[in-house]
Amino acid sequence: MASKVSKEMVVDVTVEEFWEVVADYEAYSGFVPSVKRTKVVRTEKGVKDVEYEVDLGVKTIKYTLRHLEHAPHKMTWSLVKGEMMKVSNGAWELSNHAGKTLARYTVEVQVQKPPLVPQSIMDRVSDELTKVQLPRTLDAFKARAEKGR
């Protein structure tokens, strides 16, 4: 079962300024918790494939996401390939909110079930990735964007 969650926050920068932070994939390892490495491996007009290396505590996993960019208001992504990941979809939706940015982040994750591991354990891992990591991730993006203010 996939775990899906959405959250909104107001960031004290313009939409364009916040977009610069969310679209700078290769900087993620410097401020997003658990992201050890990112690399843009393919670029076309409005599309970027990005390899991620993420530390889950008990295991570091690698996966590639395809990001579709509709600058500066929307970015969506989906899983291209990855170890342990069965589903990884999401979106940033950015809108003007009295000169600030209203940022809505949505993510859906499902981890593949290895042999002999109960599905209930894998569902808990998916929940951990979305419900526990999500607040930390959003706080990191907000702090990074507002850092220059």
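Quick note: the coordinates plus some simple rules give every number you see, no bench work behind them. Since the model is a prediction, treat every value here as computed from it, not as a measurement.
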Straight-line reach check, Lys7, cutoff 17 Å on alpha carbons, 8 or more apart in-chain or any other chain, hits among aspartates and glutamates -> Glu93, Glu108, Asp127, Glu128, Asp139
Quick one: which residues, 5+ away or cross-chain, put their amide H under 5 Å from the amide H of His97? H built at 1.01 Å from N.
Leu102
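Given a cut-off of 22 Å, name the pairs among Lys45/Lys86; Lys39/Lys113; Lys81/Lys113; Lys36/Lys86 whose C-alpha atoms lie farther apart than that in the structure shown. Could the numbers behind the result be given before it?
Details: Lys45/Lys86 26 Å; Lys39/Lys113 26 Å; Lys81/Lys113 15 Å; Lys36/Lys86 20 Å.
Those over the limit are Lys45/Lys86; Lys39/Lys113.
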In the Gaussian network model of the chain, springs joining C-alpha atoms below 10 Å, which of Ala98, Ala27, Ala71 carries the largest mean-square fluctuation?
Ala98
Report the extension gain between Lys39 and Leu116 in nm, rounded to one decimal, defined as 0.36 nm multiplied by the number of residues separating them, less their alpha carbon distance.
24.4 nm
So what are the ³J(HN,Hα) numbers for region 62-78, from phi and the Karplus equation (6.51, -1.76, 1.60; θ = phi - 60°), rounded to whole Hz, Gly and Pro as x?
10, 7, 10, 10, 9, 9, 9, 9, 10, 4, x, 10, 8, 9, 10, 8, 8
Karplus ³J(HN,Hα) for region 36-47 (6.51 cos²θ - 1.76 cosθ + 1.60, θ = phi - 60°; Hz, whole; x = Gly/Pro) runs 8, 7, 9, 8, 6, 10, 7, 9, 9, 4, x, 10
Going residue by residue through region 21-35, the Karplus relation 6.51 cos²θ - 1.76 cosθ + 1.60 with θ = phi - 60° gives ³J(HN,Hα) values, rounded to whole Hz and with x marking Gly or Pro, of 6, 5, 8, 8, 4, 6, 8, 3, 5, x, 8, 8, x, 6, 7
With Cα springs under 10 Å, the Gaussian network model of the chain assigns the largest mean-square fluctuation among Ser78, Ser120, Ser95 to Ser120
Structure-derived Rg and Dmax of the Cα atoms in Å: which label, when the choices are (1) 14.4, 46; (2) 24.4, 91; (3) 15.3, 52:
(3)
